[in-house]
Amino acid sequence: MARSKIIDIDSLSFQELNEEAELIPLMTPEDEDAINKEQLPDLLAILPLRNTVLFPGVVIPITAGRDKSIKLINDANKGSKVIGVVSQKAEGVEEPDAKDINTLGTVARILRVLKMPDGNTTVILQGKKRFEIDEFTDSEPYFKAKIKEVAEAKPAKNNKEFKAIIDSIKELALQIIQDNPNIPSEASFAIKNIESNSFLINFVSSNMNISVEDKQKLLEINSLEERALET
C-alpha cells in the first residue's frame, strides 16, 4: 500500500517524492510570495496537455507519451526545469498544432521525472504563474513561444465577503478529499489550516469534477474572487 504524506512544496523540491508516495503538497504564504517575486523568462518550451489544466501552486503528475513531450521534459530537466504548460482545446488531437492549444496556461517547474516500469515517463509539475503565449517561435522538436505574465487581481485583506467565500471553499475542499481515494485522508487537517487563499482556490479548481474546458475557463479568470465564486 502506498505511503501517505503531507509535505510542503519546499520538501518536494528536495527529493522527498517517490513513486510510492500519495501526497497533497501545500503552499504556504511564504511559498506564494517567493513565486510572485520570480521573473518569468521571455521564451519557454510549451507542453500541451490533453486532459487536465495546471493551476498556480498546484502540484500534479503528468504521464508523457508523445515523443515531443518526452524530449521537452528531458531537455528542460537538464536545464532550468521551467516550462510552459497549456491545455489542448480538443483531447482527441494526437499531434496538436498551435491552433489546437489554448494560449493561456501556467508556468511550471519540473520537480521530478520518473521512469515508470511500463516505459512511460511521469513528470511531477508545480504550477507557478499564469502566462499567455505571444508568439510561437518553434514547433520542432517541440513548441517554443514568447510569453508574457498574466497578473492576478486579489481582493483586499479585510474583505469580509471574500473571507466567507474562502470558508465555503474549505468545506468544498474537505468534501473533495473525502470523495477522492487518491488523496490521503490526513489532508483534511492540512486543508483546515491552509493560509494561502490562492492555493486553496486553485486546489479546488484543479480537483473539481468538471471538464477540461470548464477548468480552462476558471484558469482564465483574472480576479481571484471571481474564480472563487465560480468554484
Check: What residue, among those in the range 154-209 that are assigned to a loop (DSSP other than H, G, I, E, B), of a type in the set (Gly, Ala, Ser) and over 19 Å from the mean Cα position of the chain (by Cα), is nearest to Leu229 (Cα to Cα)?
Finding: Ala156
Note to self: Considering only the range 110-124, I want to know if a residue exists there that is over 23 Å from Asn182 (Cα atoms) and modelled with pLDDT of 90 or more.
What the structure shows: no
Checklist line | Residue under evaluation Ala164, criteria (1) more than 27 Å from Leu40 (Cα to Cα); (2) loosely packed, with under 13 Cβ neighbours inside 10 Å; (3) in the same structural domain as Leu72 (by TED's automatic domain parsing), criterion not met | finding: (3)
Note to self: Just to verify a result, which residue in the range 80-127, among those that are touching a Lys or Arg at 6+ places or on another chain (Cβ under 6 Å), in a strand (DSSP E or B) and not hydroxyl-bearing (Ser, Thr, Tyr), is nearest to Lys217 (Cα to Cα)?
What the structure shows: Gln88
Next item on the list: Taking only the range 25-44 into account, find how many residues are crowded, with 23+ Cβ neighbours inside 10 Å and either at pLDDT 90 or above or assigned to a loop (DSSP other than H, G, I, E, B) (or both).
Entry: 3
Item checked: Residues within the range 64-79 that are farther than 18 Å from Gly105 by Cβ and outside any helix (DSSP H, G or I), tallied -> 2
Item checked: Enumeration of residues in the range 51-68 that are surrounded by 17 or more Cβ atoms within 10 Å (Cβ to Cβ) and out of contact with any Ser or Thr (no Cβ under 8 Å at 6 or more places or on another chain) -> Val59, Lys68
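The values are calculated or read from the model by the stated rules, or taken from the named source; none is laboratory data. Computed from a predicted structure; not experimentally measured. So basically every Cβ, Gly included, is an ideal-geometry build from the backbone, and we count neighbours across all protein chains shown.
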